[in-house]
Amino acid sequence: MLPAQVGTATAPEQIEPFGFKAGMTKAQITGGLGESVQQDNGDMLVLTSAPKPHPDFKYYLLCVSPSMGLAKVSAVSKDIESNSFGGALKEKFEETRKALENK
């Protein structure tokens, strides 16, 4: 006989990249950020800000399905000045990678 597990079940933590929630409608997204909408190409929104913006990013690209709502969030960094060896770019990449691993 297997022992019974005792404890409480917890709901999985909802992931909210930059403050966006999966399933948000376009109206919910643009309602609070209307002035930051750079482009609205149907299912794709390009924003210059987010509910929880990150200082390293210049644009936020959101894929919004008419039936499922927000499906994907991507971010584009600001320009990173670097030398011909790409030292600053490599450092920023490592910094971002480590921050994501810690999450």
Residue match in segment 58-66 (condition: surrounded by 10 or more Cβ atoms within 10 Å (Cβ to Cβ), modelled with pLDDT of 90 or more and of a type in the set (S, T, N, Q))
yes
For ASP56: the one exception among (1) within 18 Å of LEU100 (Cα to Cα); (2) within 11 Å of the chain's Cα centre (by Cα); (3) not hydrophobic (A, V, I, L, M, F, W, C)
(2)
Tally, over segment 58-103, of residues that are of a type outside the set (D, E, K, R), without any contact (Cβ under 8 Å) to a residue 40 or more places away in the chain and touching a helix residue (DSSP H, G or I) at 6+ places or on another chain (Cβ under 8 Å):
3
Return the residue satisfying two criteria in turn: it lies in segment 67-101 and is assigned to a helix (DSSP H, G or I) and under 22 Å from LYS21 (Cβ atoms), and of such residues it is most open to solvent (accessible area, probe 1.4 Å).
LEU100
Working carefully through the options GLY34, GLY19, GLY42, GLY23, find the one that is more than 28 Å from LYS92 (Cβ to Cβ), modelled with pLDDT of 90 or more and open to solvent by less than 50 Å² (accessible area, probe 1.4 Å).
GLY23
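The values are calculated or read from the model by the stated rules, or taken from the named source; none is laboratory data. From a predicted model like this one, the values you see are computed outputs, not experimental measurements. All Cβ positions, even for glycine, are placed from backbone atoms using ideal geometry, and neighbour counts span all protein chains on display. Surface accessibility is based on the protein's heavy atoms, side chains included, excluding ligands, DNA and RNA. Shrake-Rupley method; radii C 1.70, N 1.55, O 1.52, S 1.80 Å.
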